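Q: Take a look at the following structure, please.
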Ligand code: NI
């Protein structure tokens, strides 16, 4: 099921999310919805709070090339257990902050421990775009957005644009009813 994606600013995007007790049918259904919503958007990552669910669950798939096989990764209760000293600057965007992009510096590689779709405990390394993406999504679980790495002035400007976008979308919806 495709779920509506919350747009910044929204208090639910600023919350620290709760761990799941385990990967049960409800969590697997949430992971499936997150994947479907992410592919539909389209995007390369989506965290549960972005659809209003305040649980530590997220999905990524950074294989966006036309000839790439899909590579969905579902993570519950992810924890970064190691970060490389080497940093990498990458252009980031966010489905909750449409059409805004900024260069953000993060560790080039991270090791993450998490529960997968089958509830198995996995620990693996992510590199390059996947490392950027998984760190961006894990930030969402702590109520942190990529614009929080920018200057307050730039962040306020972006927030202003998003408020305007939300007003316009609300008006369009009302007009369609
Ligand atoms: Ni995001």
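The values are calculated or read from the model by the stated rules, or taken from the named source; none is laboratory data. Because the structure is a prediction, the values reported are computed rather than measured. No Cβ is skipped: glycine too gets one built from the backbone with ideal geometry, and neighbour counts run over all protein chains shown.
Q: Out of all the residues in the stretch 125-143, which are part of a strand (DSSP E or B) and surrounded by 15 or more Cβ atoms within 10 Å (Cβ to Cβ)? First the steps, then the outcome.
A: So in the stretch 125-143, the residues part of a strand (DSSP E or B) come out as 125-127.
Scanning the stretch 125-143 gives a single hit, 126.
Q: Can you tell me which residue among 22, 52 is within 15 Å of the ligand (Cβ to nearest atom), in contact (Cβ under 8 Å) with a residue 24 or more places away in the chain and loosely packed, with under 15 Cβ neighbours inside 10 Å?
A: Details: 22 fails: within 15 Å of the ligand (Cβ to nearest atom).
Of the residues listed, the single one that is within 15 Å of the ligand (Cβ to nearest atom), in contact (Cβ under 8 Å) with a residue 24 or more places away in the chain and loosely packed, with under 15 Cβ neighbours inside 10 Å is 52.
Q: So is residue 100 within 13 Å of the ligand (Cβ to nearest atom), surrounded by fewer than 21 Cβ atoms within 10 Å (Cβ to Cβ) and part of a strand (DSSP E or B) or not? Spell out how you get there, then give the answer.
A: Working: within 13 Å of the ligand (Cβ to nearest atom): yes; surrounded by fewer than 21 Cβ atoms within 10 Å (Cβ to Cβ): yes; part of a strand (DSSP E or B): yes.
Answer is yes for this residue.
Q: Just to be sure, is residue 4 over 22 Å from residue 129 (Cβ atoms), within 16 Å of the ligand (Cβ to nearest atom) and exposed (fewer than 12 other Cβ atoms within 10 Å of the Cβ)? Quick ask: steps written out before the conclusion?
A: Details: over 22 Å from residue 129 (Cβ atoms): yes; within 16 Å of the ligand (Cβ to nearest atom): yes; exposed (fewer than 12 other Cβ atoms within 10 Å of the Cβ): yes.
So residue 4 passes the test.
Q: Name the residue that is farthest from the ligand (Cβ to nearest atom), counting only residues in the stretch 25-46 that are crowded, with 16+ Cβ neighbours inside 10 Å and part of a loop (DSSP other than H, G, I, E, B).
A: 44
Q: Can I ask one more? Check whether at least one residue in the stretch 75-83 is surrounded by fewer than 21 Cβ atoms within 10 Å (Cβ to Cβ), more than 13 Å from the ligand (Cβ to nearest atom) and at pLDDT below 95, and report yes or no.
A: Checked the stretch 75-83: no residue is surrounded by fewer than 21 Cβ atoms within 10 Å (Cβ to Cβ), more than 13 Å from the ligand (Cβ to nearest atom) and at pLDDT below 95.
Q: Only residues that are assigned to a loop (DSSP other than H, G, I, E, B) and either within 12 Å of the ligand (Cβ to nearest atom) or over 18 Å from the mean Cα position of the chain (by Cα) (or both): list them for the stretch 144-170, please. Can you show your working first?
A: Step one: filter the stretch 144-170 for residues assigned to a loop (DSSP other than H, G, I, E, B), giving 144-145, 150-151.
Result: 144, 145, 151.
Q: Right, here's the next one. Tell me which of these residue 106 doesn't satisfy, since it passes every other one: (1) touching a strand residue (DSSP E or B) at 6+ places or on another chain (Cβ under 9 Å); (2) surrounded by fewer than 19 Cβ atoms within 10 Å (Cβ to Cβ).
A: Against the list (1) touching a strand residue (DSSP E or B) at 6+ places or on another chain (Cβ under 9 Å); (2) surrounded by fewer than 19 Cβ atoms within 10 Å (Cβ to Cβ), residue 106 comes up short only on (2).
Q: Of the numbered conditions (1) more than 15 Å from the chain's Cα centre (by Cα); (2) within 14 Å of the ligand (Cβ to nearest atom), residue 122 fails exactly one; give the number of that condition.
A: Of everything listed in (1) more than 15 Å from the chain's Cα centre (by Cα); (2) within 14 Å of the ligand (Cβ to nearest atom), residue 122 misses just condition (2).
Q: Consider residue 108 carefully, then state whether it is more than 16 Å from the ligand (Cβ to nearest atom), without any contact (Cβ under 8 Å) to a residue 60 or more places away in the chain and more than 23 Å from residue 147 (Cα to Cα).
A: Numbers: more than 16 Å from the ligand (Cβ to nearest atom): yes; without any contact (Cβ under 8 Å) to a residue 60 or more places away in the chain: yes; more than 23 Å from residue 147 (Cα to Cα): no.
Criteria not met by residue 108.
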